[in-house]
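The values are calculated or read from the model by the stated rules, or taken from the named source; none is laboratory data. What you see is a predicted model, and the numbers here were worked out from it, not measured in a lab. Neighbour counts are summed over all protein chains in view; Cβ atoms, including those assigned to glycine, are modelled from backbone coordinates with ideal geometry.
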Amino acid sequence: MVLYLDLLFVLNFFMNLTILSTAGLLLGLKISISRLCLAAILGAGYVLLATTTEIEWMFTFLPTIIISIVLSLISVGNLKRNIVIKYLLCMYFVAFALGGVILSISNMFIDASVNTVLGNLPQINSFSLFLGVIVIILIIKPLKNWLMGLLTTRNFLLTVIINLDGRESKVTGLIDTGNHLTDPITGNPVIVVESTALRELLPEKFADIMGENENLDLNKVADLFGTDLWGKRLRVIPFSSVGKEFGIMIGFKPDLVVLESEGDCLNKTNVIIGLCEKALCPDNSYNALVNPRLVQ
């Protein structure tokens, strides 16, 4: 059999790129395309080296596990350990799914196999890879819903400590992959918090204004925050949700936000707190929605 090294490299590059990017999408991570490409190139280069040198141990279990861990670290960067582990597991999950799709397609045309960075997969060509990627794209949303159902809510809970002018409030936050709110001026990510959970930080009359109706009177809010403390902190954040296509959320910039989970702490200053007048969780297990950018 004639082996075209350039074709081997290109096919492995695109397969690795599909696996790495899909794993990030399943977890709602925003990953740099340059990091993904660098990891995919390294993975394809590993396969090319192992194939040309014919070093059999490079395709054994331990080396492939090590190289896949390296690829995941390159892709997601300096994230928390538990998120890196989840990303690595998702990467294997997608690799097995993609491998299964390609196996079914390739077996119709080619009765051979080839080693890849993630194990022994069927020999592929551009046609089988293209169809495999199309299938993964079509099923990524159902895959994400199923995966999120397997991971308990507790895995995404963390403590959020909001500091403002020497005072602080502590709430329980959920890392919400659907929360992509940002401050339209600065682009800083937004943590949505129930206003009732921040009584210690907010002016006394704020609860009355929030509860008047769904359409906030921005003039009243501006008057309320028209002080030295709140004047430069006030934010108006546009959003859309089910049943409310164009909404306005009032927010403010705290001095510091500390995210705590499993003994790890992240200090964030470039973050906005968006205030919500309604309960975010029926059983009150959390009262804040954390933008996933803050834990990356």
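Annotations
- Candidate set from the stretch 242-253 (those that are charged (D, E, K, R) and part of a strand (DSSP E or B)); member that is modelled with the lowest pLDDT: Lys244
- Residue satisfying all of: in the stretch 1-50; modelled with pLDDT under 80 and assigned to a helix (DSSP H, G or I); nearest to the chain's Cα centre (by Cα) among these: Leu27
- Residue list for the stretch 248-270, restricted to those being among the charged types (D, E, K, R) and surrounded by 14 or more Cβ atoms within 10 Å (Cβ to Cβ): Lys253, Glu260, Lys268
- Residues (surrounded by fewer than 19 Cβ atoms within 10 Å (Cβ to Cβ) and among the hydroxyl-bearing types (Ser, Thr, Tyr)) located in the stretch 22-46: Ser32, Ser34
- Residues that are modelled with pLDDT of 90 or more and in a loop (DSSP other than H, G, I, E, B), drawn from the stretch 254-268: Pro254, Asp255
- Pairs with Cβ under 6 Å, 6+ apart, first in the stretch 257-270 and under 11 Å from Thr159 (Cβ atoms) and among the hydroxyl-bearing types (Ser, Thr, Tyr), second at pLDDT 85 or above and crowded, with 17+ Cβ neighbours inside 10 Å: Ser261/Leu158
- Annotation: Tyr87 fulfils all but one of (1) within 16 Å of the chain's Cα centre (by Cα); (2) modelled with pLDDT under 80; (3) not hydrophobic (A, V, I, L, M, F, W, C); the unmet one is (2).
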